[in-house]
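Heads up, the thing below is written out as structure tokens.
None of the figures in this text is laboratory data; all of them are computed from the coordinates on show. All values reported here derive from a predicted model rather than from experimental measurement. Cβ placement follows ideal geometry from the backbone for every residue including glycine, while neighbour counts extend to all protein chains displayed.
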Amino acid sequence: MNFLLLGDIFPSAISFLEKKLPRVKKKNKIDFVIANGENSAPDAKGITKKEAEKLFKSGIDVLTSGNHIWDKRETLNYLKVEKRILRPANMSSTLPGAGCKIYKKGKKKICVMNLMANYYMPKCSNIFKTAQKLIKKMNLKKNVDFIIVDIHGEFAAEKMALGHFYDGKVTSVFGTHTHVPTSDSMILSKGTSYQTDLGMCGNFNSVIGLKKEIFLKKFLRVNDQKKNEPAKGSTTICGSIVKACEKTGLAISIKQLIVGSKIKNFNN
Ligand SMILES: [Fe+2]
């Protein structure tokens, strides 16, 4: 079973994915696609039905999220009905939606978990305690065939520690949120694939996907009322392809995938 995992999607990447994702999937024999969609709204804050439907149509099976999930009010109602979008499992249980769900692909059951880190992120429950609770319910090869975990967070050490916590218990653990792809994709010692951050699907001639001029003014303390906005134009999509063993549910290989023009391309 081949999984394609894609980093945080910016609005400029939606049409790119609509055009190119089918070819990427065919070329790499992809069975299931998971992407973080929380930056896909036109201002890169949140996700609405309009963007999500385009992304599902382009070939994405499940969208994960993080700190921006509730930026658009309509998403509160949308997540009551759209089960293919996850919000972090360690957010308050009173909020709509779920952070851990089982999806079916053919005869296979794929569990996707979405968690938000604690360091330098908005407040939510302890990510390690939530991970312990979730993994008690989901058992590789007992009640699910594969388990994929998106850890949405800023701090590499926290994501890496969680990778080791999950090692041997899940198929793959990947990080999102920093928008910068890390080149540490690996198979951990007990067979789980890991990458600290998948990177983003957006324009890298920017500051983490946002217009560099506006961002610079902010850091240089130039008094400018302009709100930041996503950089348009040339798009690069970043992610990884994980090949998983149908017998064990663990990872066999992980290969970084970068398609676009601005940064070094792999597997293009
Ligand atoms: Fe984020």
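So that you can scan it fast, the table gives a plain yes or no per residue for (1) under 30 Å from Asn139 (Cα atoms); (2) within 21 Å of the chain's Cα centre (by Cα); (3) not in a helix (DSSP H, G or I):
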{"position": "Val222", "(1), (2), (3)": "no, no, yes"}
{"position": "Ile237", "(1), (2), (3)": "no, yes, yes"}
{"position": "Lys243", "(1), (2), (3)": "yes, yes, yes"}
{"position": "Lys247", "(1), (2), (3)": "yes, no, yes"}
{"position": "Gln256", "(1), (2), (3)": "yes, yes, yes"}
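Picking from Glu38, Glu74, which residue would you name as being more than 23 Å from Val242 (Cβ to Cβ) and either within 14 Å of the ligand (Cβ to nearest atom) or acidic (Asp, Glu) (or both)? Selected residue: Glu74, the only one of Glu38, Glu74 that is more than 23 Å from Val242 (Cβ to Cβ) and either within 14 Å of the ligand (Cβ to nearest atom) or acidic (Asp, Glu) (or both). Looking across the range 134-156 at every residue that is touching a residue at least 40 places away in the same chain (Cβ under 8 Å) and assigned to a helix (DSSP H, G or I), the one that is nearest to Gly46 (Cα to Cα) is identified as Ala156. Screening the candidates Lys104, Lys159, Lys169 for the property of being away from the ligand (no atom under 15 Å from the Cβ) and outside any strand (DSSP E or B) yields one hit, Lys169.
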